[in-house]
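Novice: Pasting a structure here, questions to come.
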Amino acid sequence: MIATACLIAVGVISVSALMNLFRLATGPDVLDRILSLDTLTINAIGLVVVIGIWFGTSLYFEIALLFASVGFLSTVAFCKYLLRGNVIE
Amino acid sequence: MAGLSELLVSALILIGAFFLFVGSFGLVKLPDVMRRLHAPTKSTTLGIGSLLIASMLYLALLRDDPSLHELIISVFLFLTAPITAHMISKAHILRNRALQQELPQPPGDEGWATLDPHGANETRLDPEPTRSTNAKD
């Protein structure tokens, strides 16, 4: 049952990642692209967690943690560049 | 007992995937930046929380290997999602002059989002109609 649920969840999260790629390609503003990159990172974390449950290992949580921290830092750096014209002043 | 645990973990996985899908669908569907900001920052956080609870329950109930690693990820995401939304909305206010005209003047001498490097308002980089004078006067 868990394998079936993981299969459905991988399909649904992949469709939502494709939606994020659509918004990343056709976003009218640069902030839409930043927001879609952030959402894409969150979807990648979800995919890693679901595959970790599917394969029955606890090995993938470090990868998910790295995705979370790098995604947050990149979003804040992009927004800081737009706000101040500089990343580190 | 094992069947009940499997049912619980499967339901949590499906709920998490559904909320991630709702967030991404709102990102595509909604018409404005400020409205698009609502969908991912709230519902994807909920979906990730549900997936991480499912992972913790799976490792604790079905594999007898309880761990608290997932709490680190969920706490980190719950802390950083509002900061991301705040930064994106501030950048949107800064880049949108019409929205700056509509908003009320914030208290003090500072604007809603400024470009000046020292936090002082008199050294604005680009000349524009000052927002401190009310347009209705």
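Novice: In region B:66-102, which residue that is in a loop (DSSP other than H, G, I, E, B) and surrounded by 12 or more Cβ atoms within 10 Å (Cβ to Cβ) is nearest to the other protein chains (Cβ to nearest Cβ)?
Specialist: B:67
Novice: Does residue A:72 count as aromatic (Phe, Trp, Tyr), crowded, with 17+ Cβ neighbours inside 10 Å and modelled with pLDDT under 90?
Specialist: no
Novice: Does any residue of region B:31-53 turn out to be more than 7 Å from every other protein chain (Cβ to nearest Cβ), within 18 Å of residue B:7 (Cβ to Cβ) and open to solvent by 30 Å² or more (accessible area, probe 1.4 Å)? Before the answer, list the steps.
Specialist: Just the residues of region B:31-53 that are more than 7 Å from every other protein chain (Cβ to nearest Cβ), to begin with: B:31-32, B:34-35, B:38-39, B:41-43, B:45-46, B:49-50, B:53.
Those still in the list that are within 18 Å of residue B:7 (Cβ to Cβ) too: B:50, B:53.
Filter once more, keeping what is open to solvent by 30 Å² or more (accessible area, probe 1.4 Å): B:53.
Looking for residues that are more than 7 Å from every other protein chain (Cβ to nearest Cβ), within 18 Å of residue B:7 (Cβ to Cβ) and open to solvent by 30 Å² or more (accessible area, probe 1.4 Å), one finds at least one in region B:31-53, hence yes.
Novice: While we're looking at this one, here's another question. Pull out all pairs, ordered by first then second residue, where Cβ-Cβ is under 9 Å, the residues are six or more apart or on different chains, the first lies in region B:67-90 and is under 14 Å from residue A:62 (Cβ atoms), and the second is assigned to a helix (DSSP H, G or I) and of a type in the set (D, E, K, R).
Specialist: From residues that are under 14 Å from residue A:62 (Cβ atoms), the pairs are B:69/A:62.
Novice: Pull up region B:1-26, narrow it to residues that are more than 7 Å from chain A (Cβ to nearest Cβ) and of a type in the set (Gly, Ala, Ser), then point me to the one that is nearest to residue A:4 (Cα to Cα).
Specialist: In this case the residue turns out to be B:11.
Novice: Same structure again: For the condition in a loop (DSSP other than H, G, I, E, B), under 23 Å from residue B:84 (Cβ atoms) and open to solvent by 50 Å² or more (accessible area, probe 1.4 Å), what is the one hit in A:62, A:89?
Specialist: Working: A:62 fails: in a loop (DSSP other than H, G, I, E, B).
On inspection, the qualifying residue turns out to be A:89.
Novice: Given the structure, is residue A:78 more than 7 Å from chain B (Cβ to nearest Cβ) and in contact (Cβ under 8 Å) with a residue 40 or more places away in the chain? It would help to see each step written out before you state the result.
Specialist: Working: more than 7 Å from chain B (Cβ to nearest Cβ): yes; in contact (Cβ under 8 Å) with a residue 40 or more places away in the chain: yes.
In short, yes.
The values are calculated or read from the model by the stated rules, or taken from the named source; none is laboratory data. What you are looking at is a predicted structure, and each value in this text was computed from that prediction instead of being measured. Cβ atoms come from the backbone with ideal geometry, glycine included; neighbour counts cover every protein chain shown. Each accessible area value is taken on the protein alone, full model and side chains, heavy atoms only, with ligands, DNA and RNA left out. Shrake-Rupley method; radii C 1.70, N 1.55, O 1.52, S 1.80 Å.
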